[in-house]
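Participant: Below you'll find the structure I mean.
Laboratory data are not the source of any read-out in this text; all were calculated from the coordinates shown. Everything quoted here is computed from the prediction, not taken from an experiment. Neighbour counts are summed over all protein chains in view; Cβ atoms, including those assigned to glycine, are modelled from backbone coordinates with ideal geometry.
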Amino acid sequence: KGTQREIRNKFEDAGIYNKDLLRYYQPLKFGLLAVAVICILLFVHETNDMLISLLVAIIGVIIVPDMYLALRRKRLIVKNSRQLPYMIDMMAVCVQTGMTLEGAFRYLGDELKSFDKDLCYQIRKTSDAAEVKGMEAALVDLTKRVPTPQVRSFALTLTQNIQYGTSVAPVLSDLAEDFRNEQIL
């Protein structure tokens, strides 16, 4: 169960949301390794070449897919950070119209589908977590899933709003503008 959860988290962090692929990931990796070992045993006759080939097969089949997922995760984090100012602007508009933060997250979780499916997924996951654990804990989870300074600033701003009850709409607009300026620089 723990391994399946870890694999699911790796896939989600990499932007692969199809849960059906999870059940094939480990068997496919070990199946490819078994085929590679059989081929090496059948076609490589020198001991040194066999050992080197086995080592390359193990690295290629076990480590490379995980490296690929880690690379996709890094790219996705950068992409989400680039799109964050636009999402913050939309959230500021939602809050200005009278929505609560939870309502704004729920609304944006549905509306961002056509804009950016990956950011939409993160917002929807935060919205779902807020319903179960509360908004502050959900924002902490968001900063763990997307560990960038922009997301930390965004989460801190919302957390302070929750704690002190200040008006968050103008602060969100300023925050989005700061992030845009930072991206331009």
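Participant: Quick one: length gained pulling Asp66 to Thr97 fully straight, 0.36 nm per residue minus the C-alpha distance? Spell out each step's value before the answer.
Facilitator: Details: separation 31, 0.36 × 31 = 11.16 nm, distance 4.39 nm.
Gain on extension, Asp66 to Thr97, equals 6.8 nm.
Participant: Further question on the same structure: Can you pull the semi-axes for region 76-184, root of five times each eigenvalue of the Cα gyration tensor, sorted largest first, whole Å?
Facilitator: Values: eigenvalues 62, 53, 40 Å².
Listed largest to smallest, the semi-axes of region 76-184 are 18, 16, 14 Å.
Participant: Less than 13 Å Cβ to Cβ from Ile59, Lys/Arg counted +1 and Asp/Glu -1: what total charge do the surrounding residues give?
Facilitator: Working: positive: Lys29; negative: Asp66.
Cβ neighbours under 13 Å give a net charge of 0.
Participant: Here's something else I'd like to know. Do you know the relative contact order of region 33-185, to the nearest whole percent, from alpha carbon pairs under 8 angstrom that are 6+ apart? Can you show the working numbers first?
Facilitator: On the way: 120 pairs, mean separation 34.9, N = 153.
Contact order relative to length: 23 percent.
Participant: Continuing with this model, one more query. Taking region 93-149 on its own, what percent of its Cα-Cα pair distances exceed 13 Å? Numbers along the way, then the final one.
Facilitator: Details: 935 of 1596 pairs.
More than 13 Å apart: 59 percent of the Cα pairs in region 93-149.
Participant: With N residues in region 2-75, what two-decimal value do you get for its Cα radius of gyration over 2.2 N^0.38 Å? Intermediate results must be reported in sequence, preceding the final value.
Facilitator: Working: Rg = 14.8 Å, N = 74, 2.2 N^0.38 = 11.3 Å.
Here the answer is 1.31, to two decimals.
Participant: Run the simple label-point estimate for Ala137 and Thr47 please: 7 Å along Cα→C-beta, distance reported in nm.
Facilitator: Placing both labels 7 Å beyond Cα along the Cβ direction yields 5.9 nm.
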